[in-house]
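Notes follow once the structure below has been shown.
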Amino acid sequence: MEASAADGVSAPLPGRCAFYVTKKKRYCKMTVGKGKTFCGEHANSGEDTEKKRIPCPLDPKHTVYEDNLAKHLKKCNSKEKPQPRYYVKDINAGYGSEGESIEEISIADRTKEELDELIVKLKTALQGLKTNSVENTFSHTALDEALNDPKNGDSAFKHLKQQASILGNMEALKLLCPDRCYIEFGAGKGKLSHWIHVALKAAENVHFLLVERSSTRFKVDGKHKNADSTFDRLQVDIQHLDLNQVPLLREKRLPVVGVGKHLCGAATDLALRCLFERIRKDDDEPPTKRVKHQQEEGAGDETKPREGLDVSGLAIALCCHHRCDWKHYVGKEFFRQRGLGPKEFAGFQRMSSWATCGIKKFISKMSEQRSDHKTEEEEEHEIDEEAVSDTLNSVMSVEDREQIGRFCKLLIDQGRVHYLQQRGFESSLKYYTSRDVSLENVLLTAVPSSNQNSGWDITGSVQRCLVHKNRPSHRRQTSGLKPAC
């Protein structure tokens, strides 16, 4: 009976810390020393405290014995390390122009009149853009075996379907080919690069650069240590990454293809700047300053790309528009052309979370089964609280809010399309999977203007096609075929 009670929830596990973690609704699972009741982190919580522990001055998330502080600071993992050559602080951050400071106002604090005014501006800005879009799904033969593996659960299957569709879209745009370096932004475990490598296993001179700012466990790039392809992982924020200084790119001098699966909010804009930004960030400056610079230095400098970087394409699955930032946003010029600025952007950014209101039912259902664990969908996107709030039910229905949220996402994404078009790329937004697989189901693609593919409508608008009522399964969709529509 005692053994069953010691489950870490109702009682501490044997040999583990007796400190109850209120936030996690369980006892700490750290091991304890012989004769101790609490682990070192929670030693101050018990009467068996022998020495005082204090928060580490480098990172208050962990503690250290006060009399051991000097020694700890020399080896603490949070100690600032020498930055690599490719680290250039804020090189991709963009600028917030003078007089464009944003006052943070939550949706709940806005009046109905203010919301109505924002919605009117949104619909006006969308005039001339195609908004009625339908699903356009691909697959790829590289994932057929994994997709048919019964050992994969629902969550794994959904991620595989998304990765298969991304690869299918890339092949349709001729972005899967030899003599390329694929840069995966927000790489996480690196699974998208893994499947690209599987798809190109017969190709020569293919290399991968995985960019992730945090330390990640269970990385799959370790599986390819003995492969002919190079897998380099950079632990750096995209905001501070200068690709021209990365050793792999300087050595190989290959055309690059930018990829990403669910690159959250401002990270997409940072990645676009990282790939395409000019030496001087003119499009972030006020028009008067921009004209002055052009007169002083000549219009030729305006379109000069960063030296040495040949971008042959892009495929990024977007998400979390409520995490966008006006300072980093690449579509400022697009917004200004429509009479919009940072104030409207802040409103649209927050309202974009309405598009995922449908996830509330999913979270509620899962929370009944696993009350003390986040769902994978929650962890990946960290859903904005305003997306699942009930305070707006009296203003408009959930269905109307979801539609407005999707319009906000579309407008923000069209600013990114405009940015790519201004740099000589054919860009489009595609619904690459169904909403029952992922609520964040838009793929941003771009190829150089000269690489137009016949049969494809790459016009800067969301691609449209007819979908049969009974969607064909992934087994009927193979790489190189037409969209399943």
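The values are calculated or read from the model by the stated rules, or taken from the named source; none is laboratory data. These numbers were taken from a predicted model, which means no experiment stands behind them. Please note: Cβ atoms are built from the backbone with ideal geometry, for glycine as well, and neighbour counts cover all protein chains shown. The area values use the complete protein model at the heavy-atom level, side chains included, leaving out ligands, DNA and RNA. Shrake-Rupley method; radii C 1.70, N 1.55, O 1.52, S 1.80 Å.
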**Asked** In what sequence, highest mean first, do 113-126, 182-195, 145-158, 431-444 appear when ranked by Cβ atoms within 10 angstrom?
**Response** 182-195, 431-444, 113-126, 145-158
**Message:** Tell me the per residue accessible area of region 113-236 using a 1.4 Å probe; a whole number in Å² is fine.
**Reply:** 50
**Item:** region 125-186 - percent of accessible surface contributed by carbon and sulfur, probe 1.4 Å
**Value:** 46
